[in-house]
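Participant: There's a structure below that I have some questions on.
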Amino acid sequence: MEFQIIWFVLWGVLWGVYFMLDGFVMGAGILHNLLGTSDGEKRVMINAIGPVWDGNEVWLITAGGATFAAFPTTYALMFSYLYTALLLLLFALIVRGVSYEFRGKGEGDGWKKGWDMAIMVGNFLPALLFGVAFGNIFAGLPMDATGYHGSLLYLLNPYGLLTGVLFVLLFLVHGALYLAVKTTGDLNRRALSTAGRIWPALLVVAVAFLAYTNFATRLYDNYLAKPLLIVVPLCAVVALLAIRIFLAKGKPLAAFASSSLTVLLVVGTGLVGLFPNLIPSNLDPAYSLTIFNSSSSLYTLKIMTVVAFIFVPIVICYKIWVYRIFRGTLSIDDVEADKQAY
């Protein structure tokens with residue numbers, strides 16, 4: 001197997017794991033004011049993600065770093081062509097991180113309400129922007145030998161926005177299920193109910209996304225060329241339906257596991273269709289950025305492969321350990337002892 005293919009697979013895994021982990025954080029953050037009816041419940045929600053949210057973002061840094069190291073041309077042109085959009089994404093992530101830390105630093109209602117709104121916005125914008133970004137990557141960017149011919153408004157096309165809505169709804173269900181697993185009492189019941197109410201909208205948008213993808217992109221070409229690959233989107237559909245089944249049976253942990261698998265398989269469906277492109281050109285396929293024309297040298301890829309196979313398992317083991325340590329549920333009584341935790 002060529003090292004470019006190995007790194008495309010690793011690149012896809014890193015993005016998939018990032019969205020699986022940070023997706024429930026974004027979803028829980030968007031639901032912060034909608035589910036939290038009191039200051040105590042909002043602190044429970046923050047403490048539920050407090051030990052893990054910043055560690056989850058490490059996967060974003062790793063995915064970005066892998067893009068820079070393995071496919072530097074793609075990294076350079078992506079940050080050049082999509083500079084404004086990525087800057088907005090960066091600002092939103094900064095606001096999110098600051099809001100979690102600063103909310104508990106003051107006691108005034110105005111202070112807390114302001115940071116509560118920042119938590120919602122700081123999680124909604126990344127979810128939407130990531131979806132819009134990947135939607136445009138799936139569809140291809142208007143680029144040729146002279147460069148990129150689009151704008152920020154161009155990125156807000158119907159297919160890009162539809163993908164953004166898909167990401168938001170997927171993360172909302174994912175986040176609500178995480179809160180259902182981590183909380184007790186009324187908050188737990190509202191989280192389960194919210195996941196159940198959002199799921200039908202997610203299903204409708206997912207069907208619309210799959211249908212629109214046929215007209216807006218060339219992602220299905222790989223599936224038509226190798227029908228065996230259809231197992232990836234089929235498994236994504238099964239995982240999505242399993243969420244509803246487990247919700248009906250009152251099994252939030254199984255439903256959360258299904259939503260985690262759904263996120264991974266949705267990302268996988270797009271990337272399998274994208275291969276071997278990283279950023280296709282919708283003007284002329286000859287100007288597409290692929291894993292072959294934008295990769296680092298073979299020597300660099302070999303060294304990176306050795307490093308990745310040593311350290312990625314260590315990071316995975318560490319994350320499993322963290323989630324195991326903080327695997328218990330939370331209630332309002334648990335956070336009363338330390339109001340300034342986050």
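The values are calculated or read from the model by the stated rules, or taken from the named source; none is laboratory data. Keep in mind that what you see is a predicted model, and the values were worked out from it rather than measured. We place every Cβ from the backbone using ideal geometry, glycine too, and count neighbours over all the protein chains shown.
Participant: Give me the pairs, please: first residue somewhere in region 46-57 and touching a residue at least 12 places away in the same chain (Cβ under 8 Å) and farther than 16 Å from residue 102 by Cβ, second residue anywhere and part of a loop (DSSP other than H, G, I, E, B) and among the hydrophobic types (A, V, I, L, M, F, W, C), beta-carbon distance under 6 Å, and either six or more positions apart or on two chains.
Facilitator: 51/326
Participant: Enumerate the pairs (first residue in region 97-108 and farther than 9 Å from residue 119 by Cα; second residue anywhere and loosely packed, with under 12 Cβ neighbours inside 10 Å and not hydroxyl-bearing (Ser, Thr, Tyr)) with beta-carbon separation below 9 Å, excluding pairs fewer than 6 apart on the same chain, so at least 6 apart or on different chains.
Facilitator: Note: pairs meeting the criteria are 104/340; 105/340.
Participant: I would also like to ask the following. Could you check region 171-198 and list, in sequence order, the residues that are over 19 Å from residue 25 (Cβ atoms) and not charged (D, E, K, R)?
Facilitator: 184, 185, 193, 196
Participant: Scan region 146-182 residue by residue and report those that are outside any helix (DSSP H, G or I) and in contact with a helix residue (DSSP H, G or I) (Cβ under 6 Å, 6 or more places away or on another chain). Step through it out loud before you land on a result.
Facilitator: Initially, region 146-182 is screened for residues outside any helix (DSSP H, G or I), giving 146-151, 156-157.
Scanning region 146-182 gives a single hit, 148.
Participant: Could you please find all residues in region 32-51 being out of contact with any helix residue (DSSP H, G or I) (no Cβ under 6 Å at 6 or more places or on another chain) and not in a helix (DSSP H, G or I)?
Facilitator: Those that are out of contact with any helix residue (DSSP H, G or I) (no Cβ under 6 Å at 6 or more places or on another chain) and not in a helix (DSSP H, G or I): 37, 38, 50, 51.
Participant: Looking at this structure, is residue 120 over 24 Å from residue 221 (Cα atoms), in contact with a His (Cβ under 8 Å, 6 or more places away or on another chain), touching a residue at least 24 places away in the same chain (Cβ under 8 Å) and of a type outside the set (D, E, K, R)? Quick ask: steps written out before the conclusion?
Facilitator: Numbers: over 24 Å from residue 221 (Cα atoms): yes; in contact with a His (Cβ under 8 Å, 6 or more places away or on another chain): yes; touching a residue at least 24 places away in the same chain (Cβ under 8 Å): yes; of a type outside the set (D, E, K, R): yes.
Criteria met by residue 120.
Participant: Do we have residue 319 as at negative phi and modelled with pLDDT of 90 or more here?
Facilitator: Numbers: at negative phi: yes; modelled with pLDDT of 90 or more: no.
No: the conditions fail for residue 319.
Participant: Taking region 248-263, which residues are buried (at least 22 other Cβ atoms within 10 Å of the Cβ), of a type outside the set (Ser, Thr, Tyr) and within 19 Å of residue 18 (Cβ to Cβ)?
Facilitator: Result: 256, 263.
Participant: Here is a further query. Within the bounds of region 195-205, is there any residue that is under 15 Å from residue 166 (Cβ atoms), of a type in the set (Val, Ile, Thr) and touching a Leu at 6+ places or on another chain (Cβ under 8 Å)? So that I can check it myself, show each step before the final result.
Facilitator: The first filter runs over region 195-205 and keeps only residues under 15 Å from residue 166 (Cβ atoms), leaving 198-205.
Adding the requirement that they be of a type in the set (Val, Ile, Thr) leaves 198, 204-205.
From what's left, touching a Leu at 6+ places or on another chain (Cβ under 8 Å): 198, 205.
Yes, region 195-205 contains a residue that is under 15 Å from residue 166 (Cβ atoms), of a type in the set (Val, Ile, Thr) and touching a Leu at 6+ places or on another chain (Cβ under 8 Å).
Participant: Can you find, within region 190-247, the residue that is surrounded by the most Cβ atoms within 10 Å (Cβ to Cβ) among those that are of a type in the set (Val, Ile, Thr) and touching a residue at least 60 places away in the same chain (Cβ under 8 Å)? Explain how you work it out, then say what you get.
Facilitator: So in region 190-247, the residues of a type in the set (Val, Ile, Thr) come out as 194, 198, 204-205, 207, 213, 217, 230-232, 237-238, 243, 245.
Checking the rest, the ones that are also touching a residue at least 60 places away in the same chain (Cβ under 8 Å) come to 194, 213, 217, 243.
Numbers: 194: 21, 213: 22, 217: 22, 243: 26.
Step by step, filter region 190-247, then rank; the result is 243.
Participant: Could you tell me how many of the residues in region 162-215 are of a type in the set (A, V, I, L, M) and within 13 Å of residue 127 (Cα to Cα)?
Facilitator: So the first thing to find is which residues in region 162-215 are of a type in the set (A, V, I, L, M), and the list is 162, 165-166, 168-170, 172-173, 176-177, 179-181, 187, 191-192, 195, 198, 201-208, 210-211.
Checking the rest, the ones that are also within 13 Å of residue 127 (Cα to Cα) come to 162, 165-166, 168-170, 172-173.
Adding up the residues that qualify gives 8.
Participant: Before we move on, is residue 35 closer than 29 Å to residue 152 by Cα and either surrounded by 21 or more Cβ atoms within 10 Å (Cβ to Cβ) or modelled with pLDDT of 90 or more (or both)? Write out each step before concluding.
Facilitator: Values: closer than 29 Å to residue 152 by Cα: no; either surrounded by 21 or more Cβ atoms within 10 Å (Cβ to Cβ) or modelled with pLDDT of 90 or more (or both): yes.
It is false that residue 35 is closer than 29 Å to residue 152 by Cα and either surrounded by 21 or more Cβ atoms within 10 Å (Cβ to Cβ) or modelled with pLDDT of 90 or more (or both).
Each row is one residue, and each column tells you yes or no for (1) crowded, with 21+ Cβ neighbours inside 10 Å; (2) in a helix (DSSP H, G or I).
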{"position": "69", "(1), (2)": "no, yes"}
{"position": "73", "(1), (2)": "no, yes"}
{"position": "90", "(1), (2)": "no, yes"}
{"position": "97", "(1), (2)": "no, yes"}
{"position": "107", "(1), (2)": "no, no"}
{"position": "111", "(1), (2)": "no, yes"}
{"position": "122", "(1), (2)": "yes, yes"}
{"position": "134", "(1), (2)": "yes, yes"}
{"position": "138", "(1), (2)": "yes, yes"}
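Participant: Does residue 64 satisfy being farther than 30 Å from residue 300 by Cα and assigned to a helix (DSSP H, G or I)? It would help to see each step written out before you state the result.
Facilitator: Working: farther than 30 Å from residue 300 by Cα: no; assigned to a helix (DSSP H, G or I): yes.
Here the answer is no, as residue 64 does not meet what is asked.
Participant: So which residues in region 75-87 are surrounded by fewer than 14 Cβ atoms within 10 Å (Cβ to Cβ) and closer than 17 Å to residue 126 by Cα?
Facilitator: Selection gives 83, 84, 87.
Participant: Out of the residues in region 213-242 meeting the condition of being in a helix (DSSP H, G or I) and over 23 Å from the mean Cα position of the chain (by Cα), tell me which one is farthest from residue 203 (Cα to Cα).
Facilitator: Filtering region 213-242 down to residues in a helix (DSSP H, G or I) leaves 213-216, 220-225, 227-242.
From what's left, over 23 Å from the mean Cα position of the chain (by Cα): 215, 221-225, 227-228.
Values: 215: 19, 221: 24, 222: 24, 223: 22, 224: 24, 225: 27, 227: 24, 228: 24 Å.
The selected residue is 225.
Participant: Answer with yes or no whether residue 178 is among the aromatic types (Phe, Trp, Tyr) and crowded, with 18+ Cβ neighbours inside 10 Å. Walk me through how you get there before you give the answer.
Facilitator: On the way: among the aromatic types (Phe, Trp, Tyr): yes; crowded, with 18+ Cβ neighbours inside 10 Å: yes.
Against the criterion (among the aromatic types (Phe, Trp, Tyr) and crowded, with 18+ Cβ neighbours inside 10 Å), residue 178 qualifies.
Participant: Which residue, of 114, 97, 122, 65, is modelled with pLDDT under 90 and over 30 Å from residue 276 (Cα atoms)?
Facilitator: Values: 114 fails: modelled with pLDDT under 90; 122 fails: modelled with pLDDT under 90; 65 fails: over 30 Å from residue 276 (Cα atoms).
Exactly one of 114, 97, 122, 65 is modelled with pLDDT under 90 and over 30 Å from residue 276 (Cα atoms), namely 97.
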